[in-house]
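Novice: Before anything else, here's the structure in question.
Just so it is clear, none of the values below were taken in a lab; they were calculated from the coordinates. As the structure is a prediction and not an experimental result, all values here were calculated from the model. Methodologically, a virtual Cβ is constructed for each residue, glycine included, from the backbone with ideal geometry; neighbour enumeration extends over all protein chains shown.
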């Protein structure tokens, strides 16, 4: 877990942020699992904090505004694909792992989408939905809608297939002495 000298910022109560969810996702390399927290401040703005990394890589564990992350992604949204480098200016002077770990978190939250099955390249997703998805006021005001279950396929009537005959083994070849080479 990361060590930081600025404990008041990482402490949700001291930072004025109420934790609303704790989630996990694989890192971009899939070698570790990242645990992160979502929180809301007094003005109901969404914040994200990296909490743990099972792989032991260092990271910055301060709270970061989801709006700032979204703005950084909007600035590169016109490009065909983006990497975690788009987030690097937000973490200047911090651990080099932090932008990639946040990219994994943003991919898990739907703000980034996979690009052509490439683990470290992304396409910018629906950032407005990302910023609103964990809003406790909106989720309480709107009734939860359930997705319709996928209808099960009807099974075809069972037909008895004739058993395939077993192949006969070829007769064993006799070992013969090779004639000496001339």
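Novice: State log₁₀ I(q)/I(0) for the stretch 7-134 at q = 0.11, 0.22 Å⁻¹ as given by the Debye formula over alpha-carbon point scatterers of equal weight, solvent excluded.
Specialist: Normalising to I(0) and taking log10 leaves -0.34, -1.44.
Novice: I need the peptides 78-85, 114-121 ranked by packing, meaning the mean over residues of other C-beta atoms within 10 angstrom, with the highest value on top.
Specialist: Highest mean packing first, the order is 78-85, 114-121.
Novice: To continue, here is another question. Treating the Cα atoms of the stretch 60-117 as identical point scatterers in vacuum, please give the log10 of the normalised Debye intensity I(q)/I(0) at q = 0.27 Å⁻¹, two decimals.
Specialist: At q = 0.27 Å⁻¹ the computed log10 ratios are -1.31.
Novice: Please list 59-66, 43-50 highest first by mean number of surrounding beta-carbon atoms within 10 Å per residue.
Specialist: Packing proxy ranking, top to bottom: 59-66, 43-50.
Novice: So how much slack lies between residue 96 and residue 19, counting 0.36 nm per residue of separation and subtracting their Cα-Cα distance, in nm?
Specialist: 25.2 nm
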